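One structure below.
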Amino acid sequence: MKADHLYRKTVLDNGVRIVSARVDHMRSVSLGLWAHVGSRNETDLNAGTAHFIEHMLFKGTTHRSGVQIAMELDSLGGFHNAFTGKETTCFHGRVLAKHFSKLAEILSDIFLNSIFDPLEIERERQVILQEISMVQDTPDEYIHEIFNAVLWKGHPLSLPILGDNETVSRITRDSILDFMKSHYLPDRILIVSAGGIEHEEVLAFFEPVFGVLDGTETIAAISNPEIQHSVSMIEKDLEQVHLCLGGEAPSLTDDKRFACGILNTLLGGNMSSRLFQEIREKRALAYSIYSFLNSFRDTGALGIYAATEPDKTQEALEVIRDEVSRIIDGDVSTSDLNAAKEHLVASLYLSSESADSRMIRLAKNELVYGRDVTYDEVIERLEGVSPEEVMKVAEKIFGNGRMALATLGPLEQGNIDSSIISFLKGT
C-alpha cells in the first residue's frame, strides 16, 4: 500500500506526544486523547479505578455540566465515546473536519478540568455496578473475565477492567484523584488525530493546552506474568456450557506475533477456519465457536471460545485438541497459509478506510513501538511467515503444559477430563 497519508509527530517539552496522519480523501477527523494507563496499573484493592475515571470525565468540569458535555458533543453531529483497556484509556470522537477545534476543546476540557463531584460519583457508582451485573448476566462475555482470572492468576492482568462490586464500592473522590496524580502524567499522555486535518492545526490547539502540564510521580514497575496450568469450573444454571481455553502467546514486540496472527486465523478467525468447520459445520456441536488473540507489551494470550450443550463439552474439547494437534504436527498447507494471509491483509486494508481505525492504530503503534509502523511493513512481515513458523508458535502456546481452561454453566467438577487441555505429546 503506497502511503496516502502524511504522518507527523511532535513531542512537547513535558513529554506529551502529539501524532497525526493527514488523509487527503477523508472529510472527517478522528481525534483521540490517550492515557497510557489501564486496569493493569491497578491492584486487588482498587480494581476498576481507571474505568471509573473514564466514566467520571463526562460528568462535569469547571466549565460544563454533564448535560452540557453530552449536548455539545451531540451537536457536532459526529460520534464520541471512551474506552478503558488493560493498558490504555482513550477518549475520542469523529467529526467533520470543520468541527475539529470544538471537539478538541471539549475533549481537552473533560480530560483536564473534570471536578469529580461526590454526588455524581455516587450516581455513577450505581451505573457501573449495573454494568458489572450486566456482564455477569451475559455468559459469553463473563466467561472471558473468568478465563483472564485463571490464565493471569495473581497478576494485575487477571483483574476485570470494570472491577467488582467490592472494589467499585470503595472507590472515593480522593482515591480517584490519587490515581490520576500517579498515572495521568505528561509522558503517558498521547494525542492522536487521523483524517482531513493538518498536523500544524492539531499542534496549534494542543501545544498551549497540554504543554503546561507537569508531573513527577514515579510509577511502580509492572511485573511480567507467570502462567501455570490451571482450571476453573463455575457452576451456573444455564442452557449451555460456555468455555474458554488457551495459553500464553507472543507479545506485541515479539517477532513471532505475525505467525501467531496467522495461527489465530487458521484456528478460529473466520468461517473457513478449522474450528468453525469441524465444531459447527461438520459436527453441530456449537453455534458460537472462535479463537481470539489478546496481545500486550510484554505478553499475550491466544484463546478459544465455544458454547455447547453440557453432554457435548467433552467432545468439543476433544475436537479442539485434535485440530490444534494437527497444526502442531505440521498440517498447514501452502494454500491454507495463503488464505489466512489474504484474510489478514484484506482486514488491514479495509480498516485503513476508517478514520477511527487509523487513529487507534497510530496510537497503539506509538505507545508500543514509538513510531509509525506502515501498512507495507506489516504486510511484508505477514507474507514472510512460513508454515514451520506457524507450527512452532502453536506448539509453544499449546504444547508447553501451561494451559488455562474456564467453564461457566451446568457442568460439575469431574464431568469432563480437564487433562485433555494439556496438549503435550504422549498425554
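Rounded to two decimals, the Cα-based Rg/Rh of region 230-422, with Kirkwood Rh, is 0.99.
Taking 45 Å as R0, compute the FRET efficiency from the Cβ-Cβ separation of Phe83 and Ser325 and round it to 0.05. Show your work: numbers first, answer last.
On the way: r = 37 Å, r/R0 = 0.81.
Between Phe83 and Ser325 the formula returns 0.80.
On a 0 to 90° scale, report how tilted helix 387-398 is relative to the longest principal axis of the chain, with both axes built from alpha carbons and the result rounded to the nearest 10. So the inclination is approximately 90 degrees. With Cα atoms defining each centre, region 1-73 and region 113-138 are spaced 20 Å apart in the structure. Here's the picture: a label point sits 7 Å out from the Cα of Ser223 along the beta-carbon direction, and within region 246-260 the residues with their amide nitrogen under 19 Å of it are 248.
Averaged over residues, the count of other Cβ atoms within 10 Å places the peptides 11-19, 188-196 in the sequence 188-196, 11-19, highest first.
Computed over region 5-210, relative contact order equals 40 percent, with contacts defined as Cα pairs under 8 Å that lie 6+ residues apart.
Between Ser419 and Met271, what length comes free when the chain is fully extended (0.36 nm per residue of separation minus the Cα-Cα distance, one decimal in nm)? Walk me through the numbers on the way to the answer.
Details: separation 148, 0.36 × 148 = 53.28 nm, distance 2.83 nm.
Gain on extension, Ser419 to Met271, equals 50.4 nm.
Once you reduce region 356-389 and region 257-296 to the center of their Cα atoms, the two points are 22 Å from each other. Rg/Rh for region 78-225 stands at 1.00; both radii use Cα atoms, and Rh follows the Kirkwood definition. Per-peptide packing, taken as the mean over residues of other Cβ atoms within 10 Å, places 331-342, 21-32 in the sequence 21-32, 331-342 from highest down.
Using the Cβ-Cβ distance between Lys98 and Lys236 with R0 set to 51 Å, the FRET efficiency works out to roughly 0.50. Relative to the dominant Cα principal axis of the chain, helix 118-136 is inclined by about 20°. Expressed as an acute angle from 0 to 90° and rounded to the nearest 10, what is the orientation of the C-alpha long axis of helix 66-75 relative to the principal long axis of the chain? Result, in degrees: 80. Computing FRET efficiency as 1/(1 + (r/R0)^6) for Glu281 and Glu315, where r is the C-beta to C-beta distance and R0 is 25 Å, gives about 0.95. The label point for Glu383 and the one for Met71, both projected 7 Å from the Cα toward the Cβ, are 5.5 nm apart.
Over the chain, the pair-distance histogram of Cα-Cα distances with 20 Å bins from zero comes to 24, 54, 22, 0 percent, rounded to whole numbers.
Quick note: the coordinates plus some simple rules give every number you see, no bench work behind them. Please read these numbers as outputs of a predicted model, since none were measured by experiment. Backbone-built Cβ (ideal geometry, glycine too); neighbour counts: all protein chains shown.
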